[in-house]
1. Give the stretch 85-100 a look and list any residue that's farther than 13 Å from Asn218 by Cβ and either among the charged types (D, E, K, R) or in a helix (DSSP H, G or I) (or both), or say none.
2. Just to verify a result, which residue in the stretch 113-138, among those that are modelled with pLDDT under 95 and open to solvent by less than 10 Å² (accessible area, probe 1.4 Å), is farthest from Ala202 (Cα to Cα)?
3. If you go through the stretch 45-60, how many residues are open to solvent by 60 Å² or more (accessible area, probe 1.4 Å), in a helix (DSSP H, G or I) and closer than 13 Å to Leu71 by Cα?
4. With the requirement that a residue be in contact (Cβ under 8 Å) with a residue 12 or more places away in the chain, under 35 Å from the mean Cα position of the chain (by Cα) and assigned to a helix (DSSP H, G or I), what does the stretch 8-44 give you?
5. Looking at the stretch 160-191, which of the residues that are touching a helix residue (DSSP H, G or I) at 6+ places or on another chain (Cβ under 6 Å) and closer than 16 Å to Ala147 by Cα is modelled with the lowest pLDDT?
6. Could you give every pair whose Cβ atoms fall below 9 Å, whose first residue belongs to the stretch 64-78 and is at pLDDT 85 or above, and whose second residue is open to solvent by 70 Å² or more (accessible area, probe 1.4 Å) and of a type in the set (Asp, Glu), counting only separations of at least 6 or pairs across chains?
7. I'd like the full set of residues that are of a type in the set (A, V, I, L, M) and touching a residue at least 24 places away in the same chain (Cβ under 8 Å), limited to the stretch 124-156.
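The values are calculated or read from the model by the stated rules, or taken from the named source; none is laboratory data. This is a predicted model, so every value here is computed, not measured. Cβ placement follows ideal geometry from the backbone for every residue including glycine, while neighbour counts extend to all protein chains displayed. Calculation scope for accessible area: heavy atoms of the full protein, side chains included, ligands and nucleic acids excluded. Shrake-Rupley method; radii C 1.70, N 1.55, O 1.52, S 1.80 Å.
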Amino acid sequence: MTTTMAARVVEGLKDKIFAGDLPAGEKLPSEAELIEEFGVSRTVVREAVTRLRAEGLVETFQGRGSYVLALPRSTAFTIGPVEIRTQRDVLDVVDLRLGIESEAAALAAARADASERDSVRAALAAFEDAPPEDAVEADFRFHRAVAEASGNRFFLDLLDSLGPMTIMLARTRLGEEHSIVHADHAERVRREHADIAAAVVAGDVDTARAAMRVHLGNTRRRLDSGR
């Protein structure tokens, strides 16, 4: 029971710290104030402060009390600038996308709310209606919508760090028969995107994962055959 109550105090204080109500350098309320605010014992308050100290959120000074420490600066997850020079580089990026985006699609199917499903539908419609000169950006926005629907910001941050250029570079290494303006290829890619969207919207986890893997796997095979 003490542990559960301490966790409640910890969460309450963390909410205030992250919201800026207890900014860096601010002294935590006294034990007596925390006891009254949360309706807990002195033992519970001390355990909660110990946990905050272990998480690096506060520092305690003998005889002076506990003070809030500066929060680490939030940074987006990134793999850094992507420098693609060779066919091998392009294939390696597709391999990376295969692993990342297949799981992102599965999570999107499992987690997407109504608004996110609408965003995936809208991104698919924009891709299908995009003129050839806008197709790469529309393609990227579709994949980004799926990643965002996964509810995992690291999938989205990683995709943003790769950017639409990874799609453009892959296409520049495909022959004319795989050009976005070639009717047969454009229709295949459209169907692949539609299959992904349908599975995500339907909440079909396994099919969403498989549909993304098929789409990116086909891209990789087309690239690999051109080596």
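1. Residues of the stretch 85-100 farther than 13 Å from Asn218 by Cβ: 85-93, 95-96, 99-100.
Within the stretch 85-100, Arg85, Gln87, Arg88, Asp89, Val90, Leu91, Asp92, Val93, Asp95, Leu96, Gly99, Ile100 meet the criteria.
2. Ala135
3. Looking only at that region, the number is 1.
4. Those that are in contact (Cβ under 8 Å) with a residue 12 or more places away in the chain, under 35 Å from the mean Cα position of the chain (by Cα) and assigned to a helix (DSSP H, G or I): Arg8, Val9, Val10, Gly12, Leu13, Lys14, Ile17, Phe18, Phe38.
5. By that ranking, first place goes to Thr166.
6. Taking only residues 6 or more apart or on different chains, the pairs are Ser66/Glu59; Tyr67/Glu26; Tyr67/Glu59; Val68/Glu26; Val68/Glu59; Leu69/Glu59.
7. Result: Leu124, Ala135, Val136, Ala145, Val146, Ala147, Ala149.
Residues are listed down the side, and each one gets a yes or a no for (1) β-branched (Val, Ile, Thr); (2) in a helix (DSSP H, G or I); (3) under 17 Å from Leu98 (Cβ atoms):
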| site | (1), (2), (3) |
| --- | --- |
| Ser119 | no, yes, no |
| Ala123 | no, yes, no |
| Glu128 | no, yes, no |
| Glu137 | no, yes, no |
| Arg144 | no, yes, yes |
| Ala147 | no, yes, yes |
| Gly151 | no, no, no |
| Asp157 | no, yes, no |
| Ile167 | yes, yes, yes |
